[in-house]
1. Test each condition in (1) out of contact with any Phe, Trp or Tyr (no Cβ under 9 Å at 6 or more places or on another chain); (2) modelled with pLDDT of 80 or more for A154 and report the one that comes out false.
2. So which pairs qualify, if the first residue must be in the range 121-142 and over 15 Å from L169 (Cβ atoms), the second must be crowded, with 20+ Cβ neighbours inside 10 Å and modelled with pLDDT of 85 or more, the Cβ gap must be under 6 Å, and the two must be at least 6 apart or on different chains?
3. Does any residue in the range 38-50 that is free of Cβ contacts under 8 Å to residues at least 40 places away in the same chain and part of a loop (DSSP other than H, G, I, E, B) come within less than 8 Å, Cβ to Cβ, of a residue that is of a type in the set (S, T, N, Q) and buried (at least 18 other Cβ atoms within 10 Å of the Cβ) six or more places away or on a different chain, and which pairs are these?
4. Among (1) at pLDDT 90 or above; (2) more than 20 Å from K32 (Cβ to Cβ); (3) surrounded by fewer than 17 Cβ atoms within 10 Å (Cβ to Cβ), where does S64 come up short?
5. Restricting to the range 45-56, count the residues that are farther than 13 Å from R30 by Cβ and either open to solvent by less than 30 Å² (accessible area, probe 1.4 Å) or under 15 Å from the mean Cα position of the chain (by Cα) (or both).
6. Failed condition for N188, given (1) modelled with pLDDT of 75 or more; (2) more than 21 Å from S108 (Cα to Cα); (3) open to solvent by 80 Å² or more (accessible area, probe 1.4 Å), with all others met?
7. Within the range 12-32, is even one residue of a type outside the set (F, W, Y), touching a strand residue (DSSP E or B) at 6+ places or on another chain (Cβ under 8 Å), modelled with pLDDT of 90 or more and surrounded by 12 or more Cβ atoms within 10 Å (Cβ to Cβ)?
8. Which residues, taken from the range 78-115, are in a loop (DSSP other than H, G, I, E, B) and in contact with a Gly (Cβ under 8 Å, 6 or more places away or on another chain)?
Amino acid sequence: FSLLRETVQASAQVKSGVNDFRYFRGEQLRGKKAILFGTASGTKELIDLLKGLGIEIAIYAGSSREDPAHFGLSHFATEEEVFSTGDIFYIPSTADEDVPLAGKIDKSFLDKIKRPVYIISIYKHKVIDFQRLRELVYTGMIKGIAFDYFPNIASGDSRQPDTRKLMYLPNVVITPDIAWYTQDSVKNLNSFTTERLIAYAEGRDDYLLI
């Protein structure tokens, strides 16, 4: 998978203290606008992080009944605003609960994009149009892709020419649903489990919280 290319090389360089940036093209995030699809758990924390990087925030909430003020926003973005003003699309794992628009990265979705964007998703999309994605990456309308879910591996989609050509582009990272298996997440899982066991042993009911 594409994760095994520049990501590992970049990590090794950072650890060694010797960085050769010729092969790693960056992007200035300050001033960019991120569109978050849905109001999933953790959205407020993500907003705080992105604001710290100087990124403007908008949320496309779909049918959610949340109050935009809860997230420090005056309003939720319209579909028109999403595709005409967004620089970064972030689709969380629970997006389709309130935002059906994010359920499929198909031609209908992609053809609505009106300006160059980055697409970051950890959602298990029912459909991904790899051919159209590849076309938009080549034209520059999509500046980069990061998917942590590779659909229909068993059906053979991973062996289709369009899929393989997209995977090996330098500005594309596609991983097989493994974002949870990082050093940080494993460390957090250990502490989370320990805290819940202690709470249970002390008779507290907060161990039920997930």
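The values are calculated or read from the model by the stated rules, or taken from the named source; none is laboratory data. Predicted, not measured: the structure shown is a model, and the values here were computed from it. With ideal geometry, Cβ positions are generated from the backbone for all residues, glycine too; neighbour counts draw on all protein chains shown. Side chains are part of the model used for accessible areas, which takes the heavy atoms of the whole protein and leaves out ligands, DNA and RNA. Shrake-Rupley method; radii C 1.70, N 1.55, O 1.52, S 1.80 Å.
1. So the condition that A154 fails would be (2).
2. Listed pairs, sorted by first residue: S121/I91; S121/F147; Y123/I91; H125/I105.
3. Every condition considered, no pair remains.
4. Result: S64 fails condition (1) only.
5. Let us first name the residues in the range 45-56 that are farther than 13 Å from R30 by Cβ, namely 45-49.
Those still in the list that are either open to solvent by less than 30 Å² (accessible area, probe 1.4 Å) or under 15 Å from the mean Cα position of the chain (by Cα) (or both) too: 45-47, 49.
Residues meeting the conditions: 4.
6. Against the list (1) modelled with pLDDT of 75 or more; (2) more than 21 Å from S108 (Cα to Cα); (3) open to solvent by 80 Å² or more (accessible area, probe 1.4 Å), N188 comes up short only on (1).
7. yes
8. Initial filter on the range 78-115 (in a loop (DSSP other than H, G, I, E, B)): 78, 86-87, 92-94, 98-99, 103, 106, 111-115.
Scanning the range 78-115 gives P92, T94, D98, V99, R115.
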